[in-house]
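Below: the structure, in structure tokens.
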């Protein structure tokens with residue numbers, strides 16, 4: 001067995017969007033580093049199975065909560081149920097990719113409800129329980145802001161707002177640290193693609209990135225853990241994008 005340093009021992013980490021992808025990979029990683037981790041997602045059954053598996057694999061204390069980040073009362077209830085929180089990682093998101101002229105206001109509002117207002121609600125609700133002296137908050141933006149792609153207006157708008165917000169929040173909420181994580185193209189969609197679609201996706205991304213491939217959820221998770229552990233990093237956006245920008 002590979003020995004993993006328990007750099008997050010006795011820390012409590014709350015992760016939204018932990019039912020799959022980057023959120024789940026981060027939950028597994030911080031559990032291996034000794035954290036008590038609380039996985040949240042809209043499906044209680046999904047995060048229950050993941051929490052049980054993480055506990056079995058790592059011996060860490062892994063809990064779960066059903067959470068829809070568009071429901072403000074539910075967010076407050078979940079954050080209040082955890083107790084003291086050392087690290088909050090807001091990873092719940094959605095997707096809306098379409099030409100601007102085809103987007104409806106309802107499309108954009110739904111996306112903002114999850115990725116902007118959802119992160120806002122989680123931080124506001126968690127704030128009374130976060131360790132202000134040593135804790136950290138990591139919001140999620142993405143490469144679709146400083147690197148523009150057609151059809152990604154809503155992504156660019158939300159990501160830009162998140163990256164601007166962390167600079168202000170890091171000053172206002174200090175000594176609590178506040179950062180953003182900006183993943184690039186990440187290979188988290190294999191389960192919803194046919195083998196042919198997945199191969200085509202990987203080939204397309206390989207042509208766009210200096211590293212020649214999409215990232216993995218585990219690679220992004222290591223960046224998320226870094227932002228939890230490095231006490232001298234705040235008010236910044238960490239790009240994990242394979243050189244996309």
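Nothing in this text is a laboratory measurement; each read-out follows from the coordinates by a stated rule. Predicted model only: the values in this text are computed from it and were never measured. As a convention, Cβ positions derive from the backbone with ideal geometry for all residues, glycine included, and neighbour counts pool all protein chains shown.
Remarks
- The chain - mean residue ellipticity at 222 nm from DSSP helices (-39,500 (n - 2.57) per run, n ≥ 4, rounded to 500): -14000 deg cm²/dmol
- Cα gyration tensor shape of segment 182-229, rounded if a/c is under 1.5, else prolate or oblate by comparing a/b with b/c: oblate
- Rg/Rh (Cα only; Kirkwood hydrodynamic radius) as it applies to the chain: 0.95
- Ranked list, fewest to most other Cβ atoms within 10 Å of each Cβ, for 115, 147: 147, 115
- Once you reduce segment 88-151 and segment 16-42 to the center of their Cα atoms, the two points are 18 Å from each other.
- Taking a ≥ b ≥ c as the square roots of the eigenvalues of the alpha-carbon gyration tensor, segment 104-165 is classed oblate because a/c is 1.5 or more while a/b is no larger than b/c.
- Seen from every direction in turn and averaged, the convex hull around the alpha carbons of segment 1-58 projects onto 3.7 nm².
- Sorted by Cβ neighbour density within 10 Å, fewest at the top, the residues 205, 54, 15: 205, 54, 15
- Dividing the alpha-carbon radius of gyration of segment 1-128 by the rule-of-thumb value 2.2 N^0.38 Å gives 1.13.
- When 91, 152, 122 are sorted by how many other C-beta atoms sit within 10 angstrom of their C-beta, beginning with the fewest, the order is 152, 122, 91.
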